[in-house]
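Peer 1: Dropping a structure here in structure tokens format, bear with me for questions.
The values are calculated or read from the model by the stated rules, or taken from the named source; none is laboratory data. All of these numbers come straight from a predicted model, not from anything done at the bench. Don't worry about glycine lacking a Cβ; one is built from the backbone with ideal geometry, like all the others, and counts go over all protein chains shown.
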């Protein structure tokens, strides 16, 4: 055996998994800001226009800007909820199988919410 | 392998009473509980309400009638509170992230402010809604 073959193998530590933690952490905060801005805007809009009838209520969500803003809000909410719900599952559910099932159900539920939201805003 | 001497089982005293948490702890656990409740069932209920109330005038009036009932109003107040608390607690966390009020005392004060603001906002929202 040559000396080169006995060299210790190059070793790199991978102490954590897929390195998505920081990105998720940051996006959770960015989506929070989007939602906070939308919330203030929506509440102001309701307070100013005071929708009391069906046509008035419908008018609020009829403009392209309102639709896009609402969709952006809902999409942010769903990503935010994904991070938060996954945090809860990671904290309290230890068995890997159950955790996977729960995370899958949460993901599918959120996807359903997203498609539903789009169809509410642009459907009919 | 020789068995290592088993350490004597020591008693554990967990204080699981949430009311014994300091204010920042109460804000934290309420942030989590309200977040879970907002994911389910509040969000699907809101989407359902939005879906039906925008679909036809008849359904709009049905929702208006439903929301005017006493017990439903109480549920609505609870939803407002969850949303308001999650909102204000979230603002507090965003500020803590950029080290605003990160010291123990201001963090404690802001936690109390968040608890009060959440309740007050929910009450104002409910009052304006009816």
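Peer 1: For region B:88-100, give me the residue count where each residue is in contact with a helix residue (DSSP H, G or I) (Cβ under 9 Å, 6 or more places away or on another chain) and either in contact (Cβ under 8 Å) with a residue 40 or more places away in the chain or over 22 Å from residue B:121 (Cα atoms) (or both). Reasoning before the result, please.
Peer 2: First, pick out the residues of region B:88-100 that are in contact with a helix residue (DSSP H, G or I) (Cβ under 9 Å, 6 or more places away or on another chain): B:88-97, B:100.
Next cut, either in contact (Cβ under 8 Å) with a residue 40 or more places away in the chain or over 22 Å from residue B:121 (Cα atoms) (or both) only: B:89-90, B:92-93, B:97, B:100.
Qualifying residue count, region B:88-100: 6.
Peer 1: Here's something else I'd like to know. Looking at region B:37-53, which of the residues that are at the interface with another protein chain (Cβ under 7 Å from one of its Cβ atoms) and in contact with a helix residue (DSSP H, G or I) (Cβ under 6 Å, 6 or more places away or on another chain) is farthest from residue A:60 (Cα to Cα)?
Peer 2: The selected residue is B:39.
Peer 1: Follow-up question, since we're still on this one. Scan region A:115-124 for residues that are more than 10 Å from chain B (Cβ to nearest Cβ) and either closer than 14 Å to residue A:75 by Cα or modelled with pLDDT of 95 or more (or both) and jot them down. Let's see the steps before the verdict.
Peer 2: Initially, region A:115-124 is screened for residues more than 10 Å from chain B (Cβ to nearest Cβ), giving A:115, A:118, A:122.
Hits for region A:115-124 are A:115, A:118.
Peer 1: Also: Mind listing whichever residues of region B:102-130 are over 18 Å from residue B:75 (Cβ atoms) and outside any helix (DSSP H, G or I)? Talk me through it step by step, then tell me what you get.
Peer 2: Here is the first cut: in region B:102-130, the residues over 18 Å from residue B:75 (Cβ atoms) are B:102-117, B:120.
B:102, B:103 - these are the residues of region B:102-130 that are over 18 Å from residue B:75 (Cβ atoms) and outside any helix (DSSP H, G or I).
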